[in-house]
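Student: Below are the structure tokens for one structure; questions will follow.
Bear in mind that the values in this text are calculations on the coordinates, not laboratory data. These numbers come from a predicted model, not from an experiment. Every residue, glycine as well, gets a Cβ built from its backbone with ideal geometry; the counts of neighbours run over all protein chains shown.
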Amino acid sequence: MPDFAATMAHLGLMAHRFSRERGSARMAIDDSLRPPFIPDSALTREEIEQRNLEIVAAHFHNENPDDVDKAIALYAPDICWEGPNRGLIYTSAEEVKDAYLGIFRTLAFRKMTNLRRFASGNFVFDDLVAEADVVGNEMPNLPFPVGTTMNVRLVHCFELRDGQITREIAYEMWREKGGPLDHDAIPVGAAVTDFAGP
């Protein structure tokens with residue numbers, strides 16, 4: 001698969017042309033700083049789906065403390081982020097960024113197993129299993145205490161419009177590692193990222 005920047009350039013988007021201000025990417029909440037996006041109406045269905053897959057890949061890639069502004073910059077002004085299993089709904093980029101920063105201070109990821117990702121029209125579906133330690137308490141309604149190691153089944157449904165994420169729903173299924181609910185059918189060849197240090 002071609003890299004994100006090459007595909008965006010091919011589609012004429014240049015969606016990652018972020019300027020730097022104090023060392024971080026410009027935020028999506030300032031419309032004057034938003035990267036240019038091309039309307040869906042100018043693309044074929046296949047181009048929309050490919051672009052949306054790459055937007056979501058870039059979003060996930062930048063979900064970390066150092067690059068979170070780049071992830072947020074891919075949201076539309078009318079973003080709605082939902083975490084139904086924890087009863088959460090955020091309707092601004094500022095709220096979502098604050099929630100991500102809380103996640104980064106609460107979970108230490110050990111391993112991530114990507115099961116599947118696909119696009120259909122304006123939707124992208126992503127399914128993974130994340131092994132993480134609970135090291136803080138800044139995630140509202142997290143059902144496990146500090147010190148727990150979890151294998152969370154994490155399913156995302158993204159909705160996009162004109163190359164921007166308008167809705168992100170994170171279905172978080174919290175399970176204690178090795179517990180009775182920690183059971184998944186892992187596809188052969190699933191990609192595994194190990195975050196454990198040496």
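Student: Can Phe144 be described as touching a residue at least 40 places away in the same chain (Cβ under 8 Å) and of a type outside the set (Ser, Thr, Tyr)?
Tutor: no
Student: Would you pick out the residues in segment 160-187 that are surrounded by 18 or more Cβ atoms within 10 Å (Cβ to Cβ) and of a type in the set (Asp, Glu)?
Tutor: Answer for segment 160-187, where residues must be surrounded by 18 or more Cβ atoms within 10 Å (Cβ to Cβ) and of a type in the set (Asp, Glu): Glu168, Glu172.
Student: If you take the residues of segment 52-108 that are surrounded by fewer than 16 Cβ atoms within 10 Å (Cβ to Cβ) and either aliphatic (A, V, I, L, M) or on the phi > 0 side of the Ramachandran plot (or both), which of them is farthest from the chain's Cα centre (by Cα)?
Tutor: Gly87
Student: Of all the residues that make up segment 141-159, how many are surrounded by 15 or more Cβ atoms within 10 Å (Cβ to Cβ), part of a loop (DSSP other than H, G, I, E, B) and polar (S, T, N, Q)?
Tutor: Matching residues across segment 141-159 total 1.
Student: Tell me, yes or no, whether segment 170-192 has at least one residue that is under 15 Å from Arg117 (Cβ atoms), touching a residue at least 12 places away in the same chain (Cβ under 8 Å) and in contact with a Gly (Cβ under 9 Å, 6 or more places away or on another chain).
Tutor: Looking through segment 170-192, at least one residue is under 15 Å from Arg117 (Cβ atoms), touching a residue at least 12 places away in the same chain (Cβ under 8 Å) and in contact with a Gly (Cβ under 9 Å, 6 or more places away or on another chain).
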